[in-house]
1. Counting other Cβ atoms within 10 Å, keep those with at most 12, restrict to DSSP loop, and tell me which GluC sites (Glu not before Pro) in the stretch 1-46 are left.
2. Per-residue ellipticity at 222 nm for the chain, helices alone: DSSP H runs ≥ 4 residues times -39500 (n - 2.57), over residue total, nearest 500 deg cm²/dmol?
3. Counting alpha carbon pairs within less than 8 Å and at least 6 residues apart, what relative contact order, in whole percent, applies to the chain?
4. Separation of the stretch 6-50 and the stretch 97-117 by C-alpha centroid, Å?
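Since every read-out is calculated from the coordinates, none of them should be taken as a lab result. What you see is a predicted model, and the numbers here were worked out from it, not measured in a lab. For neighbour counting, all protein chains shown are included, and Cβ atoms are generated from backbone atoms with ideal geometry for every residue, glycine included.
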Amino acid sequence: MADVETVDQEFFRVELHPDGVMWLHRRPTPYPDHEAVNRGYRQFLMLADDWQASRTGPEGLRAPLGFLYDVRNAPPASNDPAFEQLHHDWRPRLFLRTPALVVLVRTATGHMQMTRLGRHDGSQFYATMDEKAGLAKLREMMSL
């Protein structure tokens, strides 16, 4: 099996797995402002697009892709509604690349928060505190 490639970004460390899993580790660095949120997502999605293009077969067939968004080491969530709205606005752009999205959280409170956000905007992602279960669920979603 090929090696995992790691890419360091300002707010994320991204692992590119040969099976198509992009493991997005949120760094503990807080976003200093709203523009930083946008910059972080833009950097990540540019990487995702470039990586996916490099994995497209000769017939134009796309290889499976899934995002494992690991927020277990993220700074505490902001209660700022505008900040929450920024994340909400970026989710559809993630789902344009793949419907396979799993969020790893550290606490039951984090799990409830992610479940609430998903219900609020109709996002179809899976949130869990269990890394092994999260990876298994993501790979299952990628095979559908």
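1. Loop-located and lightly packed - GLU10.
2. -14500 deg cm²/dmol
3. Contact order relative to length: 21 percent.
4. About 16 Å separates the Cα centre of the stretch 6-50 from the one of the stretch 97-117.
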